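> A single structure is presented below for examination.
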Ligand code: FAD
């Protein structure tokens, strides 16, 4: 099923992101986590794409099994910045032949050692053109950034570029993680003013281990509110307490979003079925 159809049907949704294994050796443990998360019957699941494409086979296998074995709609991520046009075309054909209906089309982070000579793709808008040329039937999502992308000089420029993405044909957007819902509300107000009408699915990252926060902030540049810093200071050294507090914080964000008429939420569940289950339990009456 296409994500655009799911987003259109007027019901609240909760979806989860998983990531593929880096090696054959870890495939079984990832497969087991994916199965447990799929058995929670989320609205859909997305599968990330390893930077550089080295794990693309796993992205495809997992996205296919989510859809075919567990009956959950799936989205396969695809990045392009460190790939040749030929490789990207090959991946898109593989996705189509495997029956993948939804792609999250991303540029990817630019590797430090990548010279301009190597770059076939400058932006996700270049990728969507290639996808649509090969198979216009895909439903295509993209990324957006409530606190703006680190490469943009300011929020206004980032929103102009997001409008370019909408105009290029992206069907929906999923946001970068954020820890303060006011940043999202402000972002939504600004993009709607700028004529961006596509569905935006906020991405919520439950932080359940103290070490995750540093990594998450380094990757995303997200602002961490004092309330969350206090929580990590207080419970960071107690794994059970940190897990409980982190899930409570994410649940609080999710319930606030639903209360403010946000209908679709994507959770970065980090291949952790326990975290996914607890969040699903915490909102089960709300989304049903
Ligand atoms: P772009 O849309 O190309 O944006 C990058 C920068 O260029 C921004 O500053 C933007 O404002 C600007 N820009 C965009 N379009 C144009 C244009 N047409 N003209 C001029 N400027 C433009 N990374 C992975 O490696 N694998 C994943 O699976 C993955 N999944 C992700 C999922 C989500 C929901 C998010 C938010 C990020 C994900 N990332 C993933 C990280 C992502 O690859 C990086 O954030 C990357 O730096 C930007 O990718 P993008 O598709 O947003 O790029």
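> Residue by residue through the range 56-105, note down the ones that are in a loop (DSSP other than H, G, I, E, B), out of contact with any strand residue (DSSP E or B) (no Cβ under 9 Å at 6 or more places or on another chain) and modelled with pLDDT of 95 or more.
Once the filter is applied, which keeps residues that are in a loop (DSSP other than H, G, I, E, B), out of contact with any strand residue (DSSP E or B) (no Cβ under 9 Å at 6 or more places or on another chain) and modelled with pLDDT of 95 or more, the range 56-105 yields 69, 71, 99.
> Still on this model: Take the conditions surrounded by fewer than 18 Cβ atoms within 10 Å (Cβ to Cβ), under 17 Å from residue 142 (Cβ atoms), over 21 Å from the mean Cα position of the chain (by Cα) and free of Cβ contacts under 8 Å to residues at least 24 places away in the same chain and apply them to residue 193. Does it pass?
On the way: surrounded by fewer than 18 Cβ atoms within 10 Å (Cβ to Cβ): yes; under 17 Å from residue 142 (Cβ atoms): no; over 21 Å from the mean Cα position of the chain (by Cα): yes; free of Cβ contacts under 8 Å to residues at least 24 places away in the same chain: yes.
Spelling it out, it is not the case that residue 193 is surrounded by fewer than 18 Cβ atoms within 10 Å (Cβ to Cβ), under 17 Å from residue 142 (Cβ atoms), over 21 Å from the mean Cα position of the chain (by Cα) and free of Cβ contacts under 8 Å to residues at least 24 places away in the same chain.
> Tell me yes or no: at least one residue of the range 145-153 is more than 9 Å from the ligand (Cβ to nearest atom), within 16 Å of the chain's Cα centre (by Cα), surrounded by 15 or more Cβ atoms within 10 Å (Cβ to Cβ) and assigned to a loop (DSSP other than H, G, I, E, B).
Yes, because at least one residue in the range 145-153 is more than 9 Å from the ligand (Cβ to nearest atom), within 16 Å of the chain's Cα centre (by Cα), surrounded by 15 or more Cβ atoms within 10 Å (Cβ to Cβ) and assigned to a loop (DSSP other than H, G, I, E, B).
> Could I ask something else about it? From the list 23, 87, exactly one residue is free of Cβ contacts under 8 Å to residues at least 12 places away in the same chain, over 21 Å from residue 3 (Cα atoms) and away from the ligand (no atom under 14 Å from the Cβ). Which is it? Before you say what the answer is, go through the steps one by one.
Numbers: 87 fails: free of Cβ contacts under 8 Å to residues at least 12 places away in the same chain.
Exactly one residue qualifies, and that residue is 23.
> Being in contact (Cβ under 8 Å) with a residue 12 or more places away in the chain, away from the ligand (no atom under 16 Å from the Cβ) and assigned to a helix (DSSP H, G or I) narrows it down to one of 281, 256, 252, 233, so name that one.
256
> Moving to a separate point now. Looking only at the range 53-66, how many residues end up being farther than 11 Å from residue 20 by Cα and buried (at least 23 other Cβ atoms within 10 Å of the Cβ)?
1
> Here is a further query. If you scan the range 31-52, which residues turn out to be surrounded by 19 or more Cβ atoms within 10 Å (Cβ to Cβ) and within 16 Å of the ligand (Cβ to nearest atom)?
If the condition is that a residue be surrounded by 19 or more Cβ atoms within 10 Å (Cβ to Cβ) and within 16 Å of the ligand (Cβ to nearest atom), then 34, 42, 43, 44, 45, 46, 47, 48, 49 are the ones that fit.
> Next up: Tell me, please, whether a residue that is in contact (Cβ under 8 Å) with a residue 40 or more places away in the chain, surrounded by 13 or more Cβ atoms within 10 Å (Cβ to Cβ), closer than 22 Å to residue 37 by Cα and out of contact with any helix residue (DSSP H, G or I) (no Cβ under 9 Å at 6 or more places or on another chain) can be found in the range 261-273.
yes
> Let me confirm something: among 179, 170, which residue is in contact with a helix residue (DSSP H, G or I) (Cβ under 6 Å, 6 or more places away or on another chain) and in a loop (DSSP other than H, G, I, E, B)?
The unique qualifying residue is 179.
> So, in the range 196-221, exactly how many residues are at pLDDT below 95 and within 30 Å of residue 139 (Cβ to Cβ)?
Of the residues in the range 196-221, 4 are at pLDDT below 95 and within 30 Å of residue 139 (Cβ to Cβ).
> Assuming residue 108 fulfils every condition listed in (1) assigned to a loop (DSSP other than H, G, I, E, B); (2) at negative phi; (3) surrounded by fewer than 24 Cβ atoms within 10 Å (Cβ to Cβ) apart from one, which condition is it?
Just one mismatch for residue 108, condition (2).
The values are calculated or read from the model by the stated rules, or taken from the named source; none is laboratory data. Here the structure is a predicted model, which means the values were calculated and not measured. Ideal geometry is used to build each Cβ from the backbone, glycine not excepted, and the neighbour counts take in all protein chains shown.
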